[in-house]
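Read the structure below first, then the notes.
The values are calculated or read from the model by the stated rules, or taken from the named source; none is laboratory data. All figures in this text were calculated on a predicted structure; none of them were measured in a lab. All Cβ positions, glycine included, derive from the backbone under ideal geometry; neighbour counts span all protein chains shown. The accessibility values were calculated without ligands, DNA or RNA, using every heavy atom of the protein model including side chains. Shrake-Rupley method; radii C 1.70, N 1.55, O 1.52, S 1.80 Å.
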Amino acid sequence: MEAIVRDIPVYYEEYGTGIPILMLHGRPLDHRHIAASMEPLFLNRKGWRRIYPDLPGMGKTPGAEGITGYDQILEVVREFKEIVAPNQRFVVAGISYGGYLARGLVYQQGALIDGVLLVVPSIETDSLKKHLPLFQVLHEDPQFQAALTPQERDISKIVVAQSLEVLDAFRTVFDPAAAIADHRFLSKFPGDAAFSFPVDQLNTPFPAPTLFVTGRQDHWCGYRDAWEILDNYPRGTFAVLDRAGHGLYVEQRPLFEALTSEWLDRVEEYIAQTSS
C-alpha cells in the first residue's frame, strides 16, 4: 500500500484491526526487520492494527530532495500517521533509528500516544558523547561460521551471539533491505545528525507504559545513554540484556518477546483505564 505524503509515495504494510501501533524500523533497513520481530507477538493477540511504513530513502519509499534534515523526516512520519489513522490516538514502536524518531513523536505529540517501545534505540547522536561497550562475541557457533560465505565474513564482526537463526535474519531481512536503500539520500543524514530541538527534554514526563530493551554488548547504540533518559518515562521498564548486541531481538528472541508481550499487556490496561 502507499500513502502520498508531501508528494512522497510512502510504502507501508499493515495487519489486523484495532489500536493503531506505528512501527518504525532501523537504518538503512525497511519495514521487514521490525515486522519479523513484532508480528510473532500478535499471533494470539487481537485488537491491534500494526502499521509498518518504509521510511524515506529506505525500502520502497524514495527519498526526496526537499528533505534536508531529521525534522523533516519526522514531519513525514507525523503526516503519514494522520493519513492512515486520522485523528486517532496511537502507540509507537521503534528500533534503533526508529527509536530516535519515536522519541521525536513523544516530544511533539506525547499527549496523543498511549505507549512507547524503544528497542536498541539511538539516543546520543554525537559520537564523541556516546557511551558504548566494546564489541565481543559471547557465543561462537561452528555451524554459523561454516555457513558464512566469503561475502558474509563481516557479519561475524557484528553478531554477539552467533546462530543460524541470526544468519538467516541477515540473509532474508537485513541484507536485502540494505541493498535497496538509497544510500546517496541517506548520506545527507550522517550518524551525528540530530533534530533541531532537544528531543529528550520533555516539558512533562511521558505518562503511558514504556519499554526500553537494550543490549549489554550493543557497540552501536549502547545502553547507558538510554538509562539517562529513563526519568522521562515514569511508567517505563528498562531491560539490559546480556549476550545481546544491536540485533538482540534475534539474539535473545525469547526474552525480547516476553518483555514486549508484557508491555503490550500494560498498554492495553492503560488504554482501558484512561478511556473509561
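Largest GNM mean-square fluctuation across Met23, Met38, Met58, computed for the chain with C-alpha springs under 10 Å, falls on Met38.
The lysines within cross-link reach of Lys130, meaning a Cα-to-Cα straight distance under 24 Å and a gap of 8 or more places when in the same chain, are Lys157, Lys188.
Tell me which lysines have Cα within less than 20 Å of Lys81's Cα, excluding those fewer than 8 residues away on the same chain? Lys81 reaches Lys60.
For the range 225-276, a simple Cβ point-charge model (Lys and Arg +1, Asp and Glu -1, everything else neutral) yields a dipole of about 80 debye relative to the Cα centre. Please check: in the Gaussian network model of the chain (C-alpha springs, under 10 Å), which one of Gly26, Gly104, Gly69 has the largest mean-square fluctuation. Highest fluctuation among the options: Gly69. D by Stokes-Einstein for the range 131-276, Kirkwood Rh over Cα pairs, 20 °C, 1.002 mPa s: 121 µm²/s. Electrostatic bookkeeping for Leu230 treats Lys and Arg as +1 and Asp and Glu as -1; over the other residues with beta carbon under 12 Å from its beta carbon, the sum is -2. Tell me what the chain gives for mean residue ellipticity at 222 nm when only DSSP H runs of n ≥ 4 count, each as -39,500 (n - 2.57), the sum divided by the residue total, rounded to 500 deg cm²/dmol. After summing the helix terms and dividing by residue count, I get -9000 deg cm²/dmol.
Here the peptides 145-157, 1-13 are ranked by packing, the mean other Cβ count within 10 Å, and the order with the highest first is 1-13, 145-157. Each Lys or Arg adds one and each Asp or Glu takes one away; over the other residues whose Cβ falls under 13 Å from the Cβ of Ser275, this sums to -2. Protection proxy ranking of 71-80, 126-135, by the mean of other Cβ atoms within 10 Å over each peptide's residues and highest first, is 71-80, 126-135.
DSSP bridge analysis restricted to the chain gives an antiparallel fraction near 25%, rounded to the nearest 5.
In a reduced charge model with +1 at each Lys and Arg Cβ and -1 at each Asp and Glu Cβ, the range 31-139 shows a dipole moment near 480 debye about its Cα centre. Taking every Cα-Cα distance in the range 1-105 and sorting them into 5 Å bins starting at zero, the pair-distance distribution P(r) comes out as 3, 12, 26, 27, 20, 8, 3, 1, 0 percent. Cα to Cα, under 13 Å, and not fewer than 8 places away if on the same chain: which aspartates and glutamates meet these conditions relative to Lys46? Within the straight-line cut-off, Lys46 pairs with Asp265, Glu268. Given +1 at the Cβ of Lys and Arg, -1 at the Cβ of Asp and Glu and no other charges, the dipole of the range 154-218 around its Cα centre is 100 debye to the nearest 20.
Computed in the context of the full set of protein chains, the accessible area of the range 10-103 at 1.4 Å probe radius has 53% of its extent on carbon or sulfur.
With protein chains left intact and a 1.4 Å probe, residues in the chain average 44 Å² of accessible area per residue. Counting every alpha-carbon pair across the range 73-185, the share separated by more than 19 Å comes to 62%. Considering the values (i) 152; (ii) 125; (iii) 162, which represents volume of the Cα convex hull per residue in Å³ as calculated for the structure under consideration? Read-out taken from this structure: (ii). Centre-to-centre, using Cα atoms only, the range 63-112 and the range 217-234 are separated by 20 Å. Look at the dipole of the range 17-102 built from charges on Cβ: of His31, Val77, Met58, the Cα furthest out on the positive end belongs to His31.
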